[in-house]
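See below for the structure under consideration.
The values are calculated or read from the model by the stated rules, or taken from the named source; none is laboratory data. Nothing here was measured: the structure is a model prediction, and the numbers come from that model. Glycine also receives a Cβ, built like all others from the backbone with ideal geometry; neighbour counts cover every protein chain displayed.
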Ligand SMILES: Cc1ncc(C[n+]2csc(CCOP(=O)(O)OP(=O)(O)O)c2C)c(N)n1
Ligand SMILES: [Mg+2]
């Protein structure tokens with residue numbers, strides 16, 4: 001097989017409109033309903049940029065780094081349910097996009113990334129800015145193509161959209177050599193698509209659905225455990241989930257990726273589960289007798305020690321991707337299908353078969369859960385001298401409540417505090433890097449969200465270390481007048497790293513102090529944005545209000561307690577019922593040698 | 001892999017993958033095995049239907065039942081894959097492999113090599129005064145056994161095709 005990967009050949013079709021490859025790209029994007037693309041030019045995509053110049057419908061957002069472009073497209077996709085589109089050049093343009101592609105693959109975000117490539121006759125010659133893009137991106141895309149024939153280009157782009165957005169969504173790459181962009185060929189529209197092999201299964205097997213509701217009806221200690229699959233399935237899935245959870249009266253928890261699918265203000269909501277989940281969510285998971293996992297994948301952040309995971313539970317697992325079934329945890333009832341379609345059937349059978357829950361058992365279960373809730377595991381000791389990071393998020397939530405808010409995050413303690421404390425009532429409002437845990441995700445993701453929702457309040461809850469990874473995108477925000485708010489919980493540490501060093505490495509804080517930090521206020525001003533700083537709890541509220549009201553991008557340097565740790569915490573390799581709730585407990589916590597090996 | 005740690009029983013499975021014959025498809029399959037840490041004991045690939053543009057990849061792999069289940073599911077996710085069949089569990093399959101085996105030597109050892117080759121129904125396809133090349137077909141165990149027997153008799157070189165497999169009975173894959 002040749003190293004150039006998936007070379008697509010095509011034939012000119014009868015009735016196809018003739019145009020250049022570059023024009024086809026623009027035409028195909030429009031036919032796919034694309035309004036915005038995120039990109040960065042270079043030699044190998046100049047013909048496409050030229051075609052873009054001649055077009056006045058598609059809005060191109062010039063990011064400052066191709067990684068930024070991919071995360072912006074992810075934010076755009078996650079907040080709209082539409083695919084995010086990226087255009088970058090060959091070589092370094094493509095390699096810079098790899099982090100975003102991997103991030104999107106891990107979190108099932110539909111991205112269509114178009115990369116320029118050197119001319120076909122130069123491929124394999126180590127030409128200037130040549131890299132084996134399909135080879136490099138094969139393991140970090142759902143699928144990719146190298147298009148060597150202009151007559152296959154339009155069809156391939158349509159196929160790319162189909163694959164990115166259907167089944168389990170994910171990123172795709174279409175690599176387009178420069179000569180193919182210049183050549184003329186026949187354009188075909190999206191209707192031409194019928195893939196030879198790709199048939200995602202979305203309809204549930206009804207027998208399995210009935211088995212699932214049988215288990216639910218007989219459950220004594222049930223819990224819903226939901227994930228990003230509900231959000232990906234679309235708003236209808238969230239609505240159906242709410243109906244089913246209400247009807248059954250069961251408690252519900254969710255993964256980091258699934259937040260917002262079920263309203264956090266509802267009494268049946270237990271909060272997030274997993275490594276930094278609430279006490280009640282993790283205890284309920286551990287002690288349940290029936291677990292209803294919908295659109296989640298039993299990730300190691302969720303399960304903790306796998307052989308101690310929900311030992312008594314019968315498990316129902318709904319996932320659109322068959323490879324997730326029995327991957328980490330063996331389940332009793334597997335349903336491979338779309339979440340929305342399955343929830344509809346579950347509700348249908350539940351209602352028409354007049355199912356009833358075991359009310360007495362459920363009441364006892366709720367009593368137990370209330371007891372766990374009584375631990376108040378997210379409590380923290382506030383201070384009137386130092387801004388506690390938890391307090392900062394609580395105030396941010398309180399002062400933005402009722403507004404049209406979208407939240408993105410970076411990666412670290414601030415991300416976990418945001419997940420624990422910010423209450424999401426709707427899906428698509430929460431954008432975070434879950435699977436890959438990519439520092440630098442939040443700022444560009446906020447750009448993408450703001451582009452899609454110009455009038456909304458878009459806030460990146462950031463850490464001072466993460467935000468420096470893609471800080472240059474502030475320049476993009478200023479250029480496109482995107483009033484994103486970067487709410488930096490500045491603890492002067494890579495706090496999450498410091499917390500692990502405290503727990504696992506004897507407090508030897510090797511290279512986790514953020515030395516030589518920039519003056520974020522001046523930095524904001526240098527970009528032409530607005531800089532704010534709060535150093536004491538007394539000034540916090542007023543500054544948050546100022547941030548909200550400014551109609552410009554803002555970098556808000558919130559100076560928080562540098563030593564605060566994020567609890568509850570299940571250390572790696574520990575079980576759900578071995579949670580650490582506070583610094584005091586942490587001192588006596590024993591992490592096994594095996595646990596230390598885990599990330 | 002945690003599943004592997006729990007259950008130590010390693011099994012050998014032969015899996016056939018019918019794919020669209022497009023460039024890079026083999027790299028996807030091999031990359032999947034390498035990236036997820038699955039074993040490949042042997043692998044064969046060739047176009048099987050020129051008109052339909054399909055190739056068949058036959059992979060002999062080993063792992064716990066949990067890992068094998070994952071391998072099948074992960075293969076099924078690859079976009080250009082038409083079908084995945086496990087000949088060890090899903091359908092009874094027949095396996096054959098071909099090997100070319102070169103044995104160098106003279107005198108008594110040469111006579112013995114020829115005698116054993118005859119017993120294994122290996123054909124002589126090249127002869128010199130000091131060597132034979134045998135062609136042998138059979139299941140992989142038979143070929144292993146033949147090669148082991150040739151070792152003390154002057155085994156000089158081996159080339160194996162890897163396994164081709166097909167189901168019994170009238171049905172296609
Ligand atoms: C690109 C990348 N590099 C390294 C890491 C490992 N990592 C995880 S959290 C973290 C520290 C984040 O610090 P900061 O952004 O200040 O957030 P805090 O934990 O202090 O809230 C690091 C280095 C990562 N997740 N991503
Ligand atoms: Mg920090």
key: Residues of the stretch A:514-540 satisfying the condition of being within 27 Å of the chain's Cα centre (by Cα) and within 16 Å of ligand 2 (Cβ to nearest atom)   = A:514, A:520
query = Which residue out of B:94, B:59 is more than 30 Å from residue B:128 (Cβ to Cβ), crowded, with 20+ Cβ neighbours inside 10 Å and under 17 Å from the mean Cα position of the chain (by Cα)?
reply = B:59
inquiry  = Every residue in the stretch A:152-169 that is part of a loop (DSSP other than H, G, I, E, B) and facing another protein chain (nearest Cβ under 10 Å), please.
reply    = A:167, A:168
task = Scan the stretch A:469-496 residue by residue and report those that are surrounded by fewer than 24 Cβ atoms within 10 Å (Cβ to Cβ) and more than 9 Å from ligand 2 (Cβ to nearest atom).
result = A:469, A:471, A:472, A:475, A:478, A:479, A:480, A:481, A:482, A:483
key: Among the candidates A:436, A:443, A:386, residue that is within 17 Å of the chain's Cα centre (by Cα) and within 16 Å of ligand 2 (Cβ to nearest atom)   = A:443
query = If we scan the stretch A:534-544, do we find a residue that is within 21 Å of residue A:273 (Cα to Cα) and in a strand (DSSP E or B)?
reply = no
key: Enumeration of residues in the stretch A:432-442 that are touching a strand residue (DSSP E or B) at 6+ places or on another chain (Cβ under 6 Å) and more than 11 Å from ligand 1 (Cβ to nearest atom)   = A:432
request  = Considering each of A:488, A:459 in turn, give the residue that is modelled with pLDDT of 95 or more, closer than 23 Å to residue A:565 by Cβ and either part of a loop (DSSP other than H, G, I, E, B) or within 16 Å of ligand 1 (Cβ to nearest atom) (or both).
outcome  = A:488
query = So, in the stretch B:30-43, of the ones that are within 25 Å of residue A:140 (Cα to Cα) and in contact with a strand residue (DSSP E or B) (Cβ under 7 Å, 6 or more places away or on another chain), which residue ends up farthest from the other protein chains (Cβ to nearest Cβ)?
reply = B:39
query = Across the stretch A:561-596, what is the number of residues that are away from ligand 2 (no atom under 16 Å from the Cβ) and more than 14 Å from chain B (Cβ to nearest Cβ)?
reply = 25
message = Can you pull out every residue in the stretch A:548-599 that is assigned to a helix (DSSP H, G or I) and either under 25 Å from the mean Cα position of the chain (by Cα) or more than 30 Å from residue A:473 (Cβ to Cβ) (or both)?
response = A:548, A:583, A:584, A:585, A:586, A:587, A:588, A:593, A:594, A:595, A:596, A:597
key: Elements of type helices (runs of 4 or more DSSP H) contained in the stretch A:348-431, each with 1 or more residues being touching a residue at least 24 places away in the same chain (Cβ under 8 Å) and within 16 Å of ligand 1 (Cβ to nearest atom)   = A:389-400, A:413-421
request  = Take residue A:473 and decide whether it is on the phi < 0 side of the Ramachandran plot and either out of contact with any strand residue (DSSP E or B) (no Cβ under 7 Å at 6 or more places or on another chain) or in a loop (DSSP other than H, G, I, E, B) (or both).
outcome  = yes
key: In the stretch A:515-533, residue farthest from ligand 1 (Cβ to nearest atom) [restricted to those that are in a loop (DSSP other than H, G, I, E, B) and surrounded by fewer than 18 Cβ atoms within 10 Å (Cβ to Cβ)]   = A:528
ask   = Hey, among the residues in the stretch A:129-151 that are in contact (Cβ under 8 Å) with a residue 40 or more places away in the chain and surrounded by fewer than 21 Cβ atoms within 10 Å (Cβ to Cβ), which one's farthest from the other protein chains (Cβ to nearest Cβ)?
value = A:129
ask   = Is it true that residue B:164 is under 30 Å from residue B:55 (Cα atoms) and out of contact with any helix residue (DSSP H, G or I) (no Cβ under 6 Å at 6 or more places or on another chain)?
value = yes
inquiry  = Suppose we keep only residues that are surrounded by fewer than 21 Cβ atoms within 10 Å (Cβ to Cβ) and in contact (Cβ under 8 Å) with a residue 40 or more places away in the chain within the stretch A:454-468. Which one would you say is nearest to ligand 2 (Cβ to nearest atom)?
reply    = A:468
ask   = Can you name the residue in the stretch A:298-321 that is part of a helix (DSSP H, G or I) and crowded, with 20+ Cβ neighbours inside 10 Å and is also farthest from the other protein chains (Cβ to nearest Cβ) among such residues?
value = A:302
request  = Scan the stretch B:44-87 residue by residue and report those that are over 23 Å from residue B:23 (Cα atoms), in contact (Cβ under 8 Å) with a residue 60 or more places away in the chain and more than 9 Å from chain A (Cβ to nearest Cβ).
outcome  = B:64, B:67, B:86, B:87
